[in-house]
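Enquirer: Take this structure, written in structure tokens, and hold onto it; I'll ask about it next.
Values in this text are rule-based calculations from the coordinates and carry no lab data. Computed from a predicted model, the values in this text were never measured in an experiment. Quick reminder, even Gly has a Cβ in these numbers, built from the backbone with ideal geometry, and neighbours come from all protein chains shown.
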Amino acid sequence: MEEEQQKLRTYPHYWGFTPEEDYYELQGIKGSKAFFTSPRGIKLFTRSWLPLTPPPRALIFMIHGYGNNISWTFQATSIFLAQKGFACFALDLEGHGESQGLKAYVPNVDLVVQDCLSFFNSIKQDPEYKKLQSFIYGESMGGAISLLIHFADPKGFDGAILVSPMCKISDNVRPSWLITQILILLAKFFPTWAIVPTADLMYKSVKVDEKKVIADMNPVRYRGKPRLGTAVELLRVVDYLNQRLCDVNLPFIVLHGSADVVTDPNVSRELYEEAKSEDKSIKVYEGMMHSLLFGETDENVEIVRNDIMSWLDARCNNNTRTISID
């Protein structure tokens with residue numbers, strides 16, 4: 001077992017040694033990468049994953065979680081969706097991956113929302129894509145940002161796929177009230193200090209031991225403690241979202257593991273109950289953890305993928321839309 005793990009640690013890509021372009025070709029998709037400069041001057045790393053045969057069924061704009069990036073295991077889902085005919089686009093958020101900014105420092109999520117909208121809207125303006133439906137896909141912190149994007153542009157997207165969304169930080173990893181007040185005070189003076197007392201969330205997110213090794217190999221994954229300014233900003237955002245769950249008014253599916261100790265599945269249930277959306281679905285998977293689309297067993301990942309595809313199929317084929325709960 002240790003010998004196998006040592007071999008995994010030498011992989012240049014999460015899938016192994018196959019060069020990126022060759023791997024995409026083997027998977028039957030087209031992949032590309034570029035940089036996008038947002039209106040506020042932030043240089044952001046972007047990727048696309050496209051089906052080989054145009055036109056795509058729809059556009060999916062994808063947002064990663066805190067400390068993560070789009071070039072490692074996150075893109076396993078993008079590749080899968082491209083294989084199913086969807087054009088997928090994503091960017092490393094400010095301070096993440098290969099994008100500009102101090103690592104894991106996100107002082108203002110509202111500006112990140114505008115960065116995302118600028119990039120996504122630039123794709124929508126392409127004549128090839130103008131008439132296509134578009135969906136937002138967000139994991140964890142990316143789920144929270146997806147909802148903020150919806151509030152900023154209520155008519156801009158045809159639906160959202162929210163995977164373990166950070167609508168509330170679980171009490172298992174959230175600092176106590178007293179510590180929170182101390183952090184808020186310190187953040188006013190030392191916002192970039194990486195001293196927030198939280199364990200590496202990857203180990204609380206990924207269930208399968210071998211996949212923990214692969215996830216930890218990500219060369220640009222943030223491994224340090226959260227920065228004061230980022231932690232305080234994320235606490236502000238989740239508190240804001242908790243007050244506005246009732247204002248969500250776009251079609252969505254929310255997917256969450258019952259054993260998630262990073263974000264709270266009960267708040268996903270609240271989102272489902274309180275949202276104004278007439279078209280809303282929820283899937284809560286018994287015993288699954290935070291990383292639903294990589295960190296679980298392959299069989300569990302397939303279950304989640306199939307639920308996402310069923311939801312997309314129903315909305316891309318103009319089928320009757322229903323409200324469902326499992």
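Enquirer: Looking at segment 1-152, what % of its DSSP beta bridges pair antiparallel, to the nearest 5?
Expert: Taking every DSSP beta bridge within segment 1-152, about 60 percent pair in antiparallel fashion.
Enquirer: While we're looking at this one, here's another question. Take the alpha-carbon centre of segment 91-128, take the same for segment 59-83, and report the distance between them in whole Å.
Expert: 14
Enquirer: OK, next. Which whole-number percent is the relative contact order of segment 2-325 (Cα, under 8 Å, 6+ apart)?
Expert: Computed over segment 2-325, the figure is 17 percent.
Enquirer: Give me the Å³ per residue figure for the convex hull around the C-alpha atoms of segment 153-289.
Expert: 135
Enquirer: By how many nm would the segment from Ala152 to Arg244 lengthen if fully extended, with 0.36 nm per residue of separation less the alpha-carbon distance?
Expert: Full-extension gain reported as 31.9 nm.
Enquirer: Of the listed peptides 287-300, 121-134, what is their order by residue-averaged count of other C-beta atoms within 10 Å, with the highest listed first?
Expert: Output ranking for 287-300, 121-134: 287-300, 121-134.
Enquirer: So, one more: Compute the signed sum of charges (Lys and Arg +1, Asp and Glu -1) over the other residues within less than 11 Å, Cβ to Cβ, of Leu132.
Expert: Net local charge, Leu132 excluded: +1.
Enquirer: Largest first and to the nearest Å, give the Cα extent of the chain along each principal axis.
Expert: Projected onto its principal axes, the Cα set of the chain covers 54, 51, 44 Å.
Enquirer: Can you tell me what share of the DSSP beta bridges in segment 2-325 is antiparallel? A percent to the nearest 5 is fine.
Expert: Antiparallel bridges make up about 40 percent of those DSSP assigns within segment 2-325.
Enquirer: Sticking with this structure for a sec: Using a ≥ b ≥ c from the Cα gyration tensor of segment 190-254 (square roots of the eigenvalues), is it rounded, prolate or oblate, where a/c under 1.5 gives rounded and otherwise the larger of a/b and b/c decides, a/b for prolate?
Expert: Oblate.
Enquirer: Whole-Hz ³J(HN,Hα) for each residue in segment 115-128, computed from phi via Karplus 6.51 cos²θ - 1.76 cosθ + 1.60 with θ = phi - 60°, x for glycine and proline: what do you get?
Expert: 4, 4, 4, 4, 5, 4, 5, 5, 6, 4, 6, 4, x, 5
Enquirer: Packing-wise, with mean Cβ within 10 Å as the measure, how do 184-191, 53-60 rank, highest first?
Expert: Averaged packing, sorted descending, gives the order 53-60, 184-191.
Enquirer: Additional query: Through the Karplus equation 6.51 cos²θ - 1.76 cosθ + 1.60, θ set to phi - 60°, convert the phi angles of segment 210-219 into ³J(HN,Hα) values in whole Hz; use x for Gly and Pro.
Expert: My calculation for segment 210-219 gives 4, 6, 4, 4, 5, 4, 6, 6, 3, x Hz in order.
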